[in-house]
Structures are given as structure tokens and as C-alpha cells.
1. Tell me whether the range 180-200 contains one or more residues that are small (G, A, S), closer than 12 Å to T232 by Cα and either under 22 Å from the mean Cα position of the chain (by Cα) or not in a helix (DSSP H, G or I) (or both).
2. Please enumerate the residues belonging to the range 57-76 that are farther than 16 Å from G21 by Cα and more than 18 Å from the chain's Cα centre (by Cα).
3. Taking only pairs six or more apart or across chains, which ones have beta-carbon atoms under 7 Å, a first residue in the range 206-225 that is closer than 20 Å to G86 by Cα, and a second residue that is of a type in the set (G, A, S) and not in a helix (DSSP H, G or I)?
4. Quick one: in the range 155-192, of everything that is in contact with a strand residue (DSSP E or B) (Cβ under 7 Å, 6 or more places away or on another chain) and more than 23 Å from R96 (Cβ to Cβ), which residue is surrounded by the most Cβ atoms within 10 Å (Cβ to Cβ)?
5. Does G130 count as touching an Asp or Glu at 6+ places or on another chain (Cβ under 7 Å), among the small types (G, A, S) and closer than 21 Å to V13 by Cα?
6. Look through A195, A201 and report the one residue that is over 28 Å from L120 (Cβ atoms), exposed (fewer than 13 other Cβ atoms within 10 Å of the Cβ) and aliphatic (A, V, I, L, M).
7. Could you tell me which residue of the range 1-56 is surrounded by the most Cβ atoms within 10 Å (Cβ to Cβ), considering only residues that are within 16 Å of the chain's Cα centre (by Cα), under 15 Å from A82 (Cβ atoms) and among the aliphatic types (A, V, I, L, M)?
8. For R128, which of the numbered conditions (1) within 19 Å of the chain's Cα centre (by Cα); (2) within 28 Å of A76 (Cα to Cα); (3) assigned to a helix (DSSP H, G or I) fails to hold?
Amino acid sequence: MSDPTLAGRTLLVTGGGRRLGAAIARHLGARGARVVVHYHGSRQASERLVGELPAGSVALGADLASPDGPADLLAACATAGAEPDGVVHGAATFLRRPLAATSAADWDAVFALNLRAFFLLARDFARRRGERGGDLVAIADAAGLELWPNYLAHSVSKAALIALVQGLAKALAPRYRVNVVIPGPVLPPDGASQAQVEAMAQRTLLGRLGEPGDVASAVEFLLTCGFATGATLEVTGGSHLWRRPGG
């Protein structure tokens, strides 16, 4: 670890066993943090990842879409001797469903994980830590800025997550800092064709996709910048500003 900026810290990364969550967990571990890698369906990948992280890192399972899941996860952290002083909420569901096909159950399932879970994590994290304070970082999505019609439940949940971060920053100040990172096209969806990937790249102002490390670096910044709270850090390559020619 050549740059131990987070040495001595214990950080919980939800959805940390795969894709962007795993990249964030690796990055924080490389900066010296002990990481609690939360998983729901990726136990083996999470346990393998812990082997790459600093001593004391653990993998813990929980269903954060359940009303009791966030509290159970925080209790499990304490039982494992890994009570976090910071939380990065990356767990999410990414439902593609046009409006006409979106059911009430679809809507509720998306909001349970993408939005309610972070609210409950923040509330219970603050209850457990009290005056000690801490840091919370939510991972949103450029869909929350652009509102994609074929991902409407997902998009609205992420827009609401951005608003929730601002409300929590006010409610938990000054002991707690609450911020949000908004990734753009960094990891294409599983199964995306080369043509789809190229189209995603061309919808950024930089003309390329980002890297998972770009998002992980943004998370690190918000965990270490003591004067940032209620902040929205867009790591989109300008995709949220992109418009078709003449548009």
C-alpha cells in the first residue's frame, strides 16, 4: 500500500462483491482501510475479494431490500469486530422495464434497495455511532439526472437518492458528512454489444468510457475531504450534458 490515506479506518461497502462495488472495495483497501464487503448473492466472490484486502476485512451477507436488513448488517459488523466509521452504499438493482410493463411490485423492489436501504443504513449508522460521527457516501447514477424512460423506476430511485443525500446531510450535521457520487458510463451492462459500448462512449463529452477507478477515486475524495457534505460529485465524462447534434 503505497498511499495509506485511509489507514486506521473501517469502511462498509454495500454491494461490494462485484463490478463497481468490488472496484471501490479494492481501491479503499489499497489505501489502507479495513473493508467490510457486503454481499447478497455473491458470497464466493466477496470472500475471495477479502483475501486481497488488509487484515481484518470481512465479507458479510444481508438482504438490504428487507426492512430489517440494514440494521442486521450493522449488527453483524459489530459482532465481527468490524464496526464501520464510514459507509459506501453501492448496492442497487438496475431494472430495465418500460412504463407499461412496470408493476407496483417492480417499483417497490427497486425503491427498497436503491433508496430505502440507504435511508435505513444512515439512520441506524448514526444511532450506533452517536457523537463519534462518521461518513456516508451513496452511489447514484447518471440515470438520476437524465431519467431514462426504459429504466423509469431505477432513474427515479436514483434521483430520489440524490435528494435523500442532501436531506441527510442537513439532518446529521455537523457530526456526519453525507455525499453522493454519480457515475456515468464506466462499466457497460452485462451482455452489451461492441456497438452499444461504442455508442455509450460517444455520448460523453470526452468520447470514451470511464474506468471503475475513476469512481473509486471520487469515493475516496469524499471520504477524506473534511469540508464536503451534501455534495454531488458527477463522474460522468460529461454524459449528463451530452446532446444530439441540433438538440
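The values are calculated or read from the model by the stated rules, or taken from the named source; none is laboratory data. Since the structure is predicted, the reported quantities are computational estimates derived from the model, not experimental observations. With ideal geometry, Cβ positions are generated from the backbone for all residues, glycine too; neighbour counts draw on all protein chains shown.
1. No, because not a single residue in the range 180-200 is small (G, A, S), closer than 12 Å to T232 by Cα and either under 22 Å from the mean Cα position of the chain (by Cα) or not in a helix (DSSP H, G or I) (or both).
2. Matches in the range 57-76: P67, D68, D72, A75, A76.
3. Note: pairs meeting the criteria are L222/A228; L222/A231; L223/G86.
4. Here is the first cut: in the range 155-192, the ones in contact with a strand residue (DSSP E or B) (Cβ under 7 Å, 6 or more places away or on another chain) are 161-162, 165, 168-169, 172, 176-184.
Filter again for more than 23 Å from R96 (Cβ to Cβ), leaving 165, 168-169, 172, 176-179.
Details: V165: 24, L168: 24, A169: 20, L172: 19, Y176: 20, R177: 24, V178: 28, N179: 24.
Top of the filtered list is V178.
5. no
6. After applying the criteria, what remains is A195.
7. Of everything passing the filter in the range 1-56, V13 is surrounded by the most Cβ atoms within 10 Å (Cβ to Cβ).
8. (1)
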